[in-house]
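A.B. asks: First the structure, then my questions, so here it is.
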Amino acid sequence: MSTSLQVAIVGGGIGGLALAQGLTKAGVSVQLYERDESPLNRKQGYRIHISPVGEEALAAVLPAEVLRRVVETSSHAGDLLGGFDGQLNPTFEQTFPGAGPDTVSAVDRYAFRRALMTGLDGVLEFGREFESYRETADGRVELRFTDGTSATADVLVGADGIGSRVRAQLLPDFPIVDIGVRCVYGKIPLTDAIRSVVPAAFLRGFNFVTDGAGPGLAFAPVLFRTAPAEYGDYLMAVLTGTNEVLGVPDEELFALSPEGLWDLVVRRTRDWHPTIQRLVAAADVGASFPITLRTSTRIEPWQTGRVTLLGDAIHPMTPAAGAGANTALWDAARLTQALVAGDLATYESEMIENGRAVVEESLRNAERMFGVQVAA
Ligand SMILES: Cc1cc2nc3c(=O)[nH]c(=O)nc-3n(C[C@H](O)[C@H](O)[C@H](O)COP(=O)(O)OP(=O)(O)OC[C@H]3O[C@@H](n4cnc5c(N)ncnc54)[C@H](O)[C@@H]3O)c2cc1C
């Protein structure tokens, strides 16, 4: 591919933003189209664990000032993965000592995306909802948007997440399955009163509380190095279980208001340790939302052309390995190199192999954690 290559990315999530940064840094002409009207907060989850895989990819694609912004707006690094029963008796503990002062091991999604947008003025366009594409006779790709506008590029990258319209057109039979687990995400602001009662482990990393057969409630902190203007430190809290375990069918769960959803969390943890009840009672109830856990099952190669995919658009996975965002970042770093080298085929084969392995790990973890069996 020539140095005058023009790349269009659909989707300004974690992978799309990282790719736009990498290509801009490499001097490749790129345009990023995001359907959201603005960069404001979205209920897509709050805390994201960043693994060494994600950290390495960020270091590879980001210009120094953007990387500095990511570090500054990230959470102080944790050093613990823990488990408790409902009475707060420890059931397992794994520690990860040795984080350096600039280690990024957890981020707040909103602050992270804002940092990744640094310097992308003129590249990132909001309010551009992609509809479909068409390969033109002169060897380019034409993108069509829902507002009737269009754009052209040499290569189109679908970074548009699990519901990807780019993938729907490129790989119409791509299978995505519902693993039968539902989550209610919430936020507990870390006020002085809450800091005085929260178990120390909950401020050191991801902790999962469960009595086995019943629902699980995960807690994980975001302790900002520099907080965004809009809010401060918090504990992310996530209730998980099948509809049966949660005691509500989907029609009811997805119709509940944020207050109704949080009331479900209160009710399902009513018999647990008083400290957990105190934490749950201190949540910002308006911040809660439900999600369905889905995964890909088979990722088959396709004929390399002018349209490719990254992140959740091609390997959606459950959050049970904490790897979806990290794998999207890995893809972005590899795809940056591939576009510069003009070798999309190698990117696609490596990305598919890596994506399959991580999807598999996350699915096995989910089956163990949530007691479900998913047919491939
Ligand atoms: C609640 C939750 C918690 C998670 N926790 C973790 C974690 O701790 N660690 C981890 O590694 N992963 C985690 N993940 C997974 C992680 O969020 C995803 O894997 C990651 O965001 C994938 O990045 P992406 O760029 O591929 O897609 P996304 O981040 O989903 O971004 C897709 C973007 O495309 C845009 N878009 C979609 N359709 C269109 C369209 N038609 N036109 C234009 N734009 C469009 C969307 O608005 C969005 O901005 C979590 C996921 C969820 C839901």
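The values are calculated or read from the model by the stated rules, or taken from the named source; none is laboratory data. The model shown is predicted, which means the values in this text are computed figures rather than measured ones. In this analysis, Cβ positions are derived from the backbone assuming ideal geometry, glycine residues included, and neighbour counts consider all displayed protein chains. Side chains are part of the model used for accessible areas, which takes the heavy atoms of the whole protein and leaves out ligands, DNA and RNA. Shrake-Rupley method; radii C 1.70, N 1.55, O 1.52, S 1.80 Å.
A.B. asks: For the condition within 20 Å of GLY161 (Cα to Cα) and out of contact with any Pro (no Cβ under 6 Å at 6 or more places or on another chain), what is the one hit in GLY355, GLY371?
C.D. replies: From the options GLY355, GLY371, the qualifying one is GLY355.
A.B. asks: Being touching a helix residue (DSSP H, G or I) at 6+ places or on another chain (Cβ under 9 Å), outside any helix (DSSP H, G or I) and over 12 Å from VAL184 (Cα atoms): is that true of GLY232 here?
C.D. replies: For GLY232, the condition - touching a helix residue (DSSP H, G or I) at 6+ places or on another chain (Cβ under 9 Å), outside any helix (DSSP H, G or I) and over 12 Å from VAL184 (Cα atoms) - is not met.
A.B. asks: Out of GLY119, GLY86, which single residue is in contact (Cβ under 8 Å) with a residue 60 or more places away in the chain, part of a loop (DSSP other than H, G, I, E, B), within 30 Å of VAL10 (Cβ to Cβ) and of a type outside the set (D, E, K, R)?
C.D. replies: Result: GLY119 is the single residue among GLY119, GLY86 that is in contact (Cβ under 8 Å) with a residue 60 or more places away in the chain, part of a loop (DSSP other than H, G, I, E, B), within 30 Å of VAL10 (Cβ to Cβ) and of a type outside the set (D, E, K, R).
A.B. asks: Another question, then. Filter region 25-55 for residues that are among the hydroxyl-bearing types (Ser, Thr, Tyr) and surrounded by 21 or more Cβ atoms within 10 Å (Cβ to Cβ); which is farthest from ASP154 (Cα to Cα)?
C.D. replies: Ranking the qualifying residues of region 25-55, first place goes to TYR46.
A.B. asks: Right, next: Can you name the number of the only condition in (1) at pLDDT 95 or above; (2) in a loop (DSSP other than H, G, I, E, B); (3) open to solvent by 10 Å² or more (accessible area, probe 1.4 Å); (4) not assigned by TED's automatic domain parsing to the domain that holds VAL141 that PRO97 fails?
C.D. replies: (1)
A.B. asks: Scan region 77-106 residue by residue and report those that are within 16 Å of the ligand (Cβ to nearest atom) and of a type in the set (Val, Ile, Thr).
C.D. replies: Correct list: THR103, VAL104.
A.B. asks: Quick check on this structure: which one of ALA229, ALA213, ALA200, ALA153 is open to solvent by less than 20 Å² (accessible area, probe 1.4 Å) and either more than 16 Å from the ligand (Cβ to nearest atom) or in contact (Cβ under 8 Å) with a residue 24 or more places away in the chain (or both)?
C.D. replies: Residue meeting the stated conditions: ALA153.
A.B. asks: Out of the residues in region 122-149 that are open to solvent by 60 Å² or more (accessible area, probe 1.4 Å) and assigned to a strand (DSSP E or B), state the one that is farthest from ILE188 (Cα to Cα).
C.D. replies: The extreme case among them is GLU135.
A.B. asks: Is at least one residue of region 316-325 closer than 29 Å to LYS187 by Cβ and in contact with a Gly (Cβ under 6 Å, 6 or more places away or on another chain)?
C.D. replies: Looking through region 316-325, at least one residue is closer than 29 Å to LYS187 by Cβ and in contact with a Gly (Cβ under 6 Å, 6 or more places away or on another chain).
A.B. asks: Another question about this same structure. Considering only region 156-176, state which residues are among the hydrophobic types (A, V, I, L, M, F, W, C), under 22 Å from GLY45 (Cβ atoms) and open to solvent by 40 Å² or more (accessible area, probe 1.4 Å).
C.D. replies: ILE162, ILE176
A.B. asks: Another question about this same structure. Determine which member of the set LEU58, LEU62 is over 15 Å from the mean Cα position of the chain (by Cα), more than 8 Å from the ligand (Cβ to nearest atom) and buried (at least 23 other Cβ atoms within 10 Å of the Cβ).
C.D. replies: One residue alone meets the criteria, LEU62.
A.B. asks: Something else about it: So which of LEU329, LEU261 ends up being in contact with a Ser or Thr (Cβ under 7 Å, 6 or more places away or on another chain), open to solvent by less than 50 Å² (accessible area, probe 1.4 Å) and not small (Gly, Ala, Ser)?
C.D. replies: The unique qualifying residue is LEU261.
A.B. asks: Is it fair to say ALA77 is outside the structural domain of VAL30 (by TED's automatic domain parsing), out of contact with any Cys (no Cβ under 6 Å at 6 or more places or on another chain) and open to solvent by 40 Å² or more (accessible area, probe 1.4 Å)?
C.D. replies: No.
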